[in-house]
Amino acid sequence: MPPMSSRDLHFEMLGDVALIRLTRPSKRNALSDALVLALRDLFENLPAAARAAVLDGEGEHFCAGLDLSELKERDAGAGLHHSRMWHAALECVQYGPVPVVAALHGAVVGGGLELAAACHIRVADDTTFYALPEGSRGIFVGGGGAVRIPRLIGAARMTDMMLTGRVYDAAEGERAGFAQYLVPAGQARGKALELAQRIAQNAPLTNYALIHALPRIAEQPADQGFLTEALMAAIAQSAPEAKARVRAFLDGKADKVRKD
Ligand code: 1HE
C-alpha cells in the first residue's frame, strides 16, 4: 500500500526523493503515539521509486519530542513496550530502504533529537537548538537515544546534557557532531533536498551498504568487521551498475573528484 499523508504527517514525492514532514506545528510537532506509528508505517511503505528521503518539520521547530500529554502513569511493563514501539518505528527510519536526510530548525529536543539521530545525515539551520529535557522531567530517553546519541557526540556530552539541562545552539551542535551541515536560517530543507538528490544518483547497492552494512560493521570487533566489509565490497562491485560507473570514469566520461 502506498504511504498516505495523515493530519500530522505529510508525504510527497519530488522526483525520486520522498519528502516527509511532521505537520503538527500547534504542538511543536510533538510525537504522539499515533504520529510515531504513522512514521513507522510511512517508512515501511515508501514507494519503490524513492531513492532518498528528506524529513523535516512544519512551523518554528523541528520537533518537541514525546507528546507529554500522553505521558500517563504506565506500569513498568507498559513503559517497556512503549519504548520498544519507538525503537521499532525509528529502526524503520534508520534501516529502511533509503538514506534519510533530516532538515533541522528550532527545537530538536528529547524524542525529536532521537528521531533526528535515526536519520543518516543531519542538516541544521542557524535557529536549531538541541536538548534532552528528559533529565529535568524525571524520565529517561526511550526512543533509542541512549544508543544513537553517544555515537554522534560521545557519552560524556550526552550525560552532561541530561544531568544539567545543557542546550547546544546550532554552531555548538555542529561542532559536537549532531549535524554534518550548518546553513543560514530557512535553508535546511533546500540543502537537505540538494543532498538527497545527489544521494539518489548513487548505485542502490552502495546506498544499501552505507545504511545497512556500515553501522553494523562499525559495531563489530575489527576481525569480523574486516570480513563483513570484504563481503559487502565484493557484492557491491559485482553489480553491473558498478562496473558501468568504473568504466565511465576510465573512459573519461565520469566526474573527477574536485575540491571546489
Ligand atoms: C507540547 C510539547 C510536548 C510543546 N508534548 N505538547 N519534550 C520537552 O520537554 C519539550 C517541551 N517543549 C518545549 O520546551 C517548548 O514547547 C519548545 C521549546 C519545543 C517550543 O516552545 P514554544 O514557546 O514555541 O511553544 P510552547 O508555547 O511551549 O508550546 C506550544 C504548544 O505545544 C503548547 O500547547 P497549547 O495547547 O498550550 O498551545 C504546548 O503544551 C505544546 N507542546 N511541546 C506535548 N513535548 C521516547 S522517549 C522521549 C522522551 C522525550 O521526548 S521527553 C522531552 C519532551
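The values are calculated or read from the model by the stated rules, or taken from the named source; none is laboratory data. This is a predicted model, so every value here is computed, not measured. Heads up, the Cβs are rebuilt from the backbone with ideal geometry, glycines too, and the neighbour counts pull from every protein chain shown.
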Note to self: For segment 172-205, which positions are at pLDDT below 95 and touching a helix residue (DSSP H, G or I) at 6+ places or on another chain (Cβ under 7 Å)?
What the structure shows: 203, 205
Check: In this structure, is residue 216 surrounded by 13 or more Cβ atoms within 10 Å (Cβ to Cβ), touching a Ser or Thr at 6+ places or on another chain (Cβ under 9 Å) and assigned to a helix (DSSP H, G or I)?
Finding: yes
Notebook entry, point to check: Looking at 128, 164, which is the one that is farther than 16 Å from residue 101 by Cβ and among the hydroxyl-bearing types (Ser, Thr, Tyr)?
Noted result: 164
Notebook entry, point to check: Across segment 114-145, what is the number of residues that are assigned to a helix (DSSP H, G or I) and either touching an Asp or Glu at 6+ places or on another chain (Cβ under 6 Å) or surrounded by 15 or more Cβ atoms within 10 Å (Cβ to Cβ) (or both)?
Noted result: 8
Item checked: Candidates 113, 104, filtered to the one that is within 16 Å of residue 133 (Cβ to Cβ) and not small (Gly, Ala, Ser) -> 113
Check: Can you tell me which of 122, 157, 151 is in contact (Cβ under 8 Å) with a residue 40 or more places away in the chain, among the basic types (Lys, Arg) and more than 12 Å from the ligand (Cβ to nearest atom)?
Finding: 122
Notebook entry, point to check: Can you pull out the residues in segment 67-95 that are at pLDDT 95 or above and either touching a His at 6+ places or on another chain (Cβ under 8 Å) or surrounded by 22 or more Cβ atoms within 10 Å (Cβ to Cβ) (or both)?
Noted result: 86, 89, 90, 93, 94, 95
Next item on the list: Could you list, in sequence order, all residues of segment 147-163 that are surrounded by fewer than 17 Cβ atoms within 10 Å (Cβ to Cβ) and of a type in the set (A, V, I, L, M, F, W, C)?
Entry: 147, 155, 156, 163
